[in-house]
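Read-outs: derived from the displayed coordinates by stated rules, not from any lab. These numbers were taken from a predicted model, which means no experiment stands behind them. Don't worry about glycine lacking a Cβ; one is built from the backbone with ideal geometry, like all the others, and counts go over all protein chains shown.
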Amino acid sequence: MDNANDPSSSPSFASSSYVSNGSSYNNVAATFSNDPSANSDHMCLSKLSANLEKLVVDSDFDYTDAVIVVEGIEVGVHRCILAARSQFFHELFKQEVDSSTEDGKPKYCMSKLVAFRKVGIEAFKVILNYLYTGKLKPSPPEVSTCVDEACAHDACGPAINYAVELMYASATFKMKEMVLLVQRRLLNFVEKAAVEDVITLLIAAFHCHLDQLHTPCIQRVARSNLDAVSLGRELPDEIASEIKSLRMKSQQETEPDIVEEADLNREKKIRRLHKALDSDDVELLGLLLRESSDITLNDAYALHYATAYCDPKVIKEVLNLGLADLNHKNLRGQTVLHVAARRKDPSGQRRLCIRTYS
C-alpha cells in the first residue's frame, strides 16, 4: 500500500477521540473552547456522522443499491458512499457486474474481494461503520475474546485474529487511515502474544506491506524457539529465509562451533519422516522408522507435525502405530493436544482427546 507507514498520509477524522489515547481529543477540545467556529464545525461533523450511521444501523433508512455477501449474510451498501470513501470500491463499482440480486442490486462476495484471509461479518460491520461515519467502534467481545476468564484479552488468539481481519479488509479497500490505526493495534500485540500468533501478524505484515509491523515480528520470531519446520510450513519462503539468516548470524556470534555432520544427518532423517506424512503415507513412515533405529516418532515430533498439518485420517493412522507418546512435549513445551487445540478442524481434536482419556 502506498504510504501505509506514513502518518502524514492519514487525514484528520472527527472520530479522533474514538481511536486515540485521549491526547488528540484533549487538544481538539482546547481548540474548540477557544474557537467558536471550530466548535461549530465539530458539531456539524458529529451530526453528519450520526446521520450517516443511520444508513448502516436503521432499517427505516434502507436505500441501499448494492449487496456484499459476508459469511452467507447479505449486507446492503450504498455505492456512492463506499466509492467516495474508498478507491478500491470506486474502481470496483465502475466495472461491469455479471450477476445481480432479485431486486436488481449488484451483488459482491467478500471472499472474492479480500485475498489471503477470511473477513468475518463482525469485522466487516466495523469496517462498514467506519466508512460511513469515520468512527472506529470497539471490538465485538464475541469474536475478540477467548474463553479464559482470567485473560485480559489484550493479546490472545481471538483478539489478534479479529484485528488481522480488520487489517486485511482495510488494506484491500485502500483505507489508509484505517490501516494506520489497526497497525498500531497490531504492534501492541507483538511482544505480548504467543509466538504462534506472532506468525499470524507477520503474514499480515507481509501481505499488506506493513514495514513497521514486519521488522518487530521478524525479530520476535527469530528470538523464539519456534522450530524451522514450522517456519517453513507457515511462512512465505522469503520470510522464513530471513528468520533463519538472523538465527544463523546470532548463533555464529554466540556459538561459533561448526555443526557436526551427525546433527545434519539426523535433521535429514526427520525431514524424510515429515515428507512421508505430507504424502499421507503412514506405511512409508513406519518403514523409515524401522530403517532409522536412532530416530523415534517422538524424536521427530511426528505426531505433533501430523496434528498441525495433516488430514485427521493421517493422525488416526499415526496413533494406530502405537509408537507415539501423547504426553511428549515439543521444544515449546506443548503436547499434541496443545497443537490440536490451535487447529480449526475439530475432528482431529476429538480423536486425540478420545485416545488420551480412554
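Hey, got a sec? Which GluC sites (Glu not before Pro) in the range 108-150 land in a DSSP loop and have at most 12 other Cβ atoms within 10 Å? Qualifying residues, ordered by number: E149.
Going down the table (K118/K269; K269/K313; K47/K174), which pairs top 29 Å between alpha carbons?
Values: K118/K269 36 Å; K269/K313 23 Å; K47/K174 26 Å.
The pairs that break the limit, which is 29 Å between Cα atoms, are K118/K269.
For the pair K275 and R223 in one chain, pulling the backbone fully straight at 0.36 nm per residue adds 16.1 nm over the alpha carbon distance. Radius of gyration over Kirkwood radius for the range 289-329, both on Cα atoms: the Rg/Rh ratio is 0.95.
Could you list T145, T307 in order of exposure, starting from the residue whose Cβ has the fewest other Cβ atoms within 10 Å? Mind showing how you got there, number by number?
On the way: T145 18, T307 28.
Final ranking by Cβ density, sparse to dense: T145, T307.
Under 20 Å of direct C-alpha separation, and excluding same-chain neighbours fewer than eight residues apart, K249 reaches no lysines at all. Shown for H304, H209: other C-beta atoms within 10 Å of each C-beta, ranked fewest to most, produce the order H209, H304. Overall, the ratio between the Cα radius of gyration of the range 104-188 and 2.2 N^0.38 Å, rounded to two decimals, is 1.13. Near Y108, the amide H atoms lying under 5 Å from its own belong to V67, I68, V69; only residues 5 or more places off or on other chains count, and H is placed 1.01 Å from N.
Are there GluC sites (Glu not before Pro) in the range 172-233 that DSSP puts in a loop and that have at most 12 other Cβ atoms within 10 Å, and which ones? Write down the numbers at each step before the final one.
Details: sites: E177, E191, E196; in loops: E191.
Listed in order of number, the matching sites are E191.
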